[in-house]
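Notes to accompany the following structure.
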Amino acid sequence: MSATNASADAVSATSTDGTGACPDAGEDSVALGIRRGTDNEDTLELRLPDELVALFEEGRSGADTATVDAAARHGDVHGHGQQSWSDGTAPPAARTPGGDDLLDGVADWGPVATPAGAFQLVPVRVERDLALVCRWMNDPAVTAFWELAGPQNMTEDHLRPQLAGDGRSSPCLGVLEGTPMSYWEIYRADLDPLARHYPVRPHDTGIHLLIGAVTDRGRGLGSTLLRAVADLVLDRRPACARVIAEPDLRNIPSVTAFLSAGFRFSAEVDLPTKRAALMVRDRSLRDLL
């Protein structure tokens with residue numbers, strides 16, 4: 001089941017008044033959402049050794065050359081290795097500008113079957129997806145927890161540092177049956193400021209979720225997708241033993257969705273912008289919860 005208003009036109013829409021303001025969210029866009037907070041400067045300055053970065057760049061350069069060659073053979077008219085949403089299919093994976101090696105290639109994880117249909121995480125491309133993500137962020141129900149309401153440049157300022165970073169956080173659209181209907185952030189919780197607030201383990205991987213349309217809320221779809229994505233993380237990241245989430249304690253629907261998706265409540269955590277419920281999905285318990 002796909003969102004009724006996250007259509008191909010919505011993804012490619014831009015402001016019509018020249019101000020960069022987002023289209024009005026109206027009543028068709030509501031969230032089941034959590035986020036880390038708005039302090040973009042509060043980040044751990046952990047750097048990879050220069051030799052390792054060089055190896056990553058060398059490998060990525062070869063992969064990018066192969067992608068360009070493949071696109072040329074297949075007549076890719078979009079110029080960035082991705083199909084248009086208008087053909088109704090999820091586009092093939094493509095790496096984000098900053099690379100995502102720290103997350104074992106989110107762009108290459110591919111689609112998974114869920115009870116709701118085929119689902120895939122597709123890395124955000126600002127030029128293609130900004131208007132849609134901004135529209136979702138400006139819904140009052142989203143604003144209460146994400147605090148990113150405003151013109152497109154505010155959403156862009158949230159997305160670009162992730163896309164241009166070292167790959168510790170990957171912003172994605174959730175594409176269900178060919179339709180973008182949710183926004184996700186897959187991130188290395190052990191390299192995030194969150195790590196200062198709980199007993200972190202190496203390769204802990206965090207997830208944030210925002211569901212775009214009101215018609216996709218309140219009927220269990222969030223739990224279905226959370227379970228699917230958490231299991232996808234565990235399948236694609238062998239070194240990761242736990243998937244972490246930290247919804248606002250006030251966001252009862254979000255906490256409930258995580259519990260229904262096989263996460264367990266671990267603790268209450270005081271973060272800089274909220275009091276959160278630390279939710280954990282353990283690899284060792286995935287078949288029991």
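Brief remarks follow.
- Cα gyration tensor shape of segment 142-289, rounded if a/c is under 1.5, else prolate or oblate by comparing a/b with b/c: rounded
- Between Val269 and Ile252, the contour length at 0.36 nm per residue exceeds the Cα-Cα span by 4.6 nm.
- In a fully extended conformation the segment linking Glu147 and Ser284 would gain 45.9 nm over its present Cα-Cα distance, using 0.36 nm per residue.
- Note on segment 244-289: with neighbouring protein chains present and a 1.4 Å probe, carbon and sulfur make up 57 percent of its accessible heavy-atom surface.
- Taking only alpha carbon atoms, segment 104-152 gives an Rg to Rh ratio of 1.08, where Rh is the Kirkwood radius.
The values are calculated or read from the model by the stated rules, or taken from the named source; none is laboratory data. Note that this is a predicted model, so its numbers are computed, not measured. Surface areas here come from the heavy atoms of the whole protein model, side chains and all, with no ligands, DNA or RNA. Shrake-Rupley method; radii C 1.70, N 1.55, O 1.52, S 1.80 Å.
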